[in-house]
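Everything on this sheet refers to the single structure shown next.
The values are calculated or read from the model by the stated rules, or taken from the named source; none is laboratory data. From a predicted model like this one, the values you see are computed outputs, not experimental measurements. Counting neighbours? That spans all protein chains shown, and the Cβs are built from the backbone with ideal geometry, glycine included. When the accessible area is computed, the model is the full protein with side chains, heavy atoms only, and any ligands, DNA or RNA have been set aside. Shrake-Rupley method; radii C 1.70, N 1.55, O 1.52, S 1.80 Å.
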Amino acid sequence: MSARMALASAAARFALASLALLALAAGASAWAATGSAGAGAAAGDAAGDAALKRLADEYLDAYYFPANPTAATEAGVHRYDRRLKDYSRAGVDRRVRTLRGYEQRFAAIDSSRLSEWARGDLELLLSSVRSQLLTLETIRPWQKNPDTYSSGISNAAFVLMQRPFAPADERLQCVIAREQAMPAALRAARANLRNPPAIYTRTALEQLPGIIHLFATDLPAAFADARPATLARFTAVNGRVIAALRSYQLWLQNSELARSHGDFRLGAATFSAKLRDDEMVDVPLERLLEIGSADLRRNQAEFARVAHELAPDKSARAVLAELAADHPAPQALLSSFRATFDGLVSFLDSHPIITIPSSVRPTLQETPPFMRATTWASMDTPGPFERTATQAFFFVTLPDPAWDPQHVEGFMAQFNYPVISDTAVHEAYPGHYIQFLWMHRIHDRVRALIGAYSNAEGWAHYCEQMMLDEGYGQPGAGAADERGARMLRLGQLQDALLRDARYIVGISMHTGRMSLDQAIDFFVTEGYQSREVGEVETKRGTSDPTYLYYTLGKLEILKLRADLQAREGNAFDLERFHDDFMQQGWPPIKIVRRALLHDDSPPL
């Protein structure tokens, strides 16, 4: 749940957690001297590249980090740790004016004077600026989504608490400084919000108990070792924030919820514009739906085939029910994930699939309370310029102890053993965490901070299938026997169907073809998920509209791989392909294709 991805897209807060890991790099200000991509600039391009670098540095240092201080903290830029984002309408208007100015200046650059790598950076910068403008001027979460404010201020405190980049007393002083501005941020919410969608107000109310818990319990515990004088100041300021949050909660419940009749749907034109600006995809929505539906049917057919091999006398649905019931107890969920790491790392060590830059593993933890409403598992990694607090965290959401047994069982169906393995592949090995480690080899501020979900989530989702295709999960390599291997494949396919359902639901809900209830049913009947999962996923899709980027990116990567393999023939090497892919950073696949294929052929 990180603002670190805000340069790439202003999508929903909950989607950012799983992608925050990718805003990383060595943090040096060198333009692009990394891998095969940065070495190809001709001498004649040097002046144009240098001019772009100066403007990019100005954009980041004079605008982006000061305007987004939480994102700066997450990135490891600590000059703004005492600031809180300006949530007022005047602040929104100032950001729009400034972004318009940078859009004009970036658009005026002659791309023919740039190296191939720098041309990609210019495209990233322009797309990033336009994505932010689309969000501020058209999508307008500052006017529509109450969670923008309550979760925004909670993340501003959380990032100061989470990583010990400075002594506790120093970080607590930063928390105090930010907290002093938080009641005003919640007042700005009351002034700015206009007829939010009911689903947004209900989601904000669902998040608020965890947010209040963060301030009332987690923050005081995390900074218990600070100096008494600092703690006394914190206690006073923190009490005012808790009171403001409780007042905001009551206002949402008693006043704003009844006035929440707005429409969360983007509409076809805005949805297409968001795909263009965030992912550099301009395929018509009708064609995208055809592509997603075809992938859904392929995965359903494969699920039925493997299920029949596993249990010829049972239907695919019956096998799915058995799969859902095969999960650990909630209290054993974290240890089950931890045990999966060993087999994955061992397999990658013995198979030439991708270079692993470090043997350091991420730390497994329960998802923080204020992030639990809309995420199952996520990777949270240090920012590209962080030099002290370099630990990476793999968060897993546990069921709420207050839930009844039926709700817990439906929730845990998402964490059956095969899906646990698939999730560990996606989040860690060789998914998000390995991509994070690779980013340390890129010395380019733009590609450290700006990218695309279709690359980041596409890569992680692609890895789920690729690992099994390459032999992981076969007897002796992740599974004890043939039955275990087939169960792992079913887990991978169930996750693929979940992503296919997101793909179709996102387009369909936001273009008026599908209601919330129909979306939930689609996740259950077509995506092979429990109803509890369907409810969470539908809720997510209302404010993360383009969460088709998992399947979209996976299909783009598979096509890139197939096109490169067709060109290279027997010379194609899978490990080299993956390593070359990593060296590009995490831009839209369109930019990666141009670097690896040296053409502008379509990515889908």
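The tail of the calculated P(r) for segment 350-427, taken as Cα-Cα distances beyond 14 Å, holds 72 percent of the pairs.
Among residues other than P357 with Cβ under 15 Å from its Cβ, the summed charge is -2 (Lys and Arg +1, Asp and Glu -1). Quick check: pseudo-label points 7 Å beyond the Cα along Cα→Cβ at R305 and A177, how many nm apart are they? With each label point 7 Å from Cα toward Cβ, the separation is 5.9 nm. The antiparallel fraction among DSSP beta bridges confined to the chain stands at about 45%. Out of every Cα-Cα pair that the chain contains, those further apart than 38 angstrom amount to 28 percent. Using a 1.4 Å probe over the heavy atoms of the protein chains, calculate the carbon and sulfur portion of the accessible area of segment 113-252 as a whole percent. Whole-percent figure for carbon plus sulfur exposure: 55. When Lys and Arg each count +1 and Asp and Glu each count -1, what net charge do the other residues less than 15 Å away from R338, Cβ to Cβ, add up to? Counting the neighbours of R338, the net charge comes to -2.
At a threshold of 8 angstrom on Cα-Cα distance, excluding pairs fewer than six apart, so keeping six or more, what relative contact order does the chain reach in percent?
Numbers: 1000 pairs, mean separation 130.1, N = 604.
22 percent.
Tally Lys/Arg at +1 and Asp/Glu at -1 over every other residue whose Cβ is under 14 Å from the Cβ of G484; what's the total? Taking every other residue near G484 into account, the sum is -3. Distance from the C-alpha centroid of segment 97-148 to that of segment 189-237: 31 Å, rounded to the whole angstrom.
Could you pull out the pairs from K274/K539; K53/K539; K53/K85; K53/K559 whose alpha carbons sit more than 30 Å apart here?
Details: K274/K539 19 Å; K53/K539 40 Å; K53/K85 26 Å; K53/K559 32 Å.
Cα-Cα > 30 Å for K53/K539; K53/K559; rest within.
Placing dummy labels 7 Å off each Cα toward the beta-carbon, the span from A258 to K559 is 5.1 nm.
Note the full-extension length gain between D521 and A402 as 0.36 nm times their separation in residues minus their Cα-Cα distance, in nm to one decimal. Write out the running numbers ahead of the final one.
On the way: separation 119, 0.36 × 119 = 42.84 nm, distance 2.53 nm.
Once the chain is fully extended between D521 and A402, it gains 40.3 nm.
With both labels modelled 7 Å from their Cα along Cα-to-Cβ, the E568 to E137 distance reads 4.2 nm. Solvent-accessible area per residue in the chain equals 36 Å², computed with a 1.4 angstrom probe and all protein chains kept. Residues within the reach of a label modelled at R483 (point 7 angstrom out along Cα to beta-carbon, backbone nitrogen below 18 Å), restricted to segment 396-427, are 416-419. Each residue was assigned an accessible area with a 1.4 Å probe, and for M439 the value is about 0 Å².
State the extension gain, in nm to one decimal, for the chain segment bounded by A224 and Q331, taking 0.36 nm per residue of separation less the distance between their alpha-carbons. Let's see the in-between values first.
Details: separation 107, 0.36 × 107 = 38.52 nm, distance 2.71 nm.
Taking A224 through Q331 to full extension adds about 35.8 nm, to one decimal.
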